[in-house]
1. Just for segment 1-113, what percent of DSSP beta bridges are antiparallel, to the closest 5?
2. Ignoring everything except DSSP H segments at least 4 long, calculate the 222 nm mean residue ellipticity for the chain; use -39,500 (n - 2.57) per segment, divide by total residues, nearest 500.
3. Determine the relative contact order of segment 1-117: mean sequence separation of Cα pairs under 8 Å and six or more apart, normalised by residue count, in whole percent.
4. Using a 10 Å cut-off on Cβ atoms, rank the peptides 34-43, 79-88, 116-125 from the highest mean neighbour count down.
5. Quick check: residue separation of residue 28 and residue 122 times 0.36 nm, minus the Cα distance between them. What number comes out in nm?
6. What ranking do 7, 141 get, fewest neighbouring Cβ atoms within 10 angstrom at the top?
7. Relative contact order (percent) for segment 1-49, with alpha-carbon contacts under 8 angstrom and 6 or more residues of separation?
8. Which value in Å does the Kirkwood hydrodynamic radius of segment 2-140 take, with 1/r averaged over all unlike C-alpha pairs and then inverted?
């Protein structure tokens, strides 16, 4: 799943790896904010939570009941990843993604930082990301 800001050089990629028996899959999260980037690979989501995230994104893009500046939040079993989002008056979606313990390229092991990336997205891009994530989760279940 890829979320790319509509006007700023910011993006978030989330790829679900193969799960081992009885364990959550390793998920690779990549965040980019301008010329800075970070990566984390860890079991931050179960396949069921990835499916829930896909539904949340799809609902955020299509939910006309949310008022302007009314934020919705989503958290998971592992507190490493959390999201909040809102509809933007006039169209589009704003999503904030917080990821704990990310590493910058070339950083020594153990040198991590917590990253929050804010993204302004078109409804279509959010729906496309939701469909991609749902498909990826379905392949892993």
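Every number here is computed from the coordinates shown, using simple stated rules; none is lab data. Being a predicted model, the structure only gives us computed values, none of them experimental. Cβ sites come from the backbone with ideal geometry, for glycine too, and all protein chains shown count toward neighbours.
1. Here the antiparallel bridges make up roughly 100 percent for segment 1-113.
2. Only helices count here, giving -8000 deg cm²/dmol.
3. Relative contact order of segment 1-117: 18 percent.
4. Result, highest mean first: 79-88, 116-125, 34-43.
5. That pair, residue 28 and residue 122, stretches by 31.5 nm at full extension.
6. 7, 141
7. Relative contact order for segment 1-49 comes out at 29 percent.
8. 15.3
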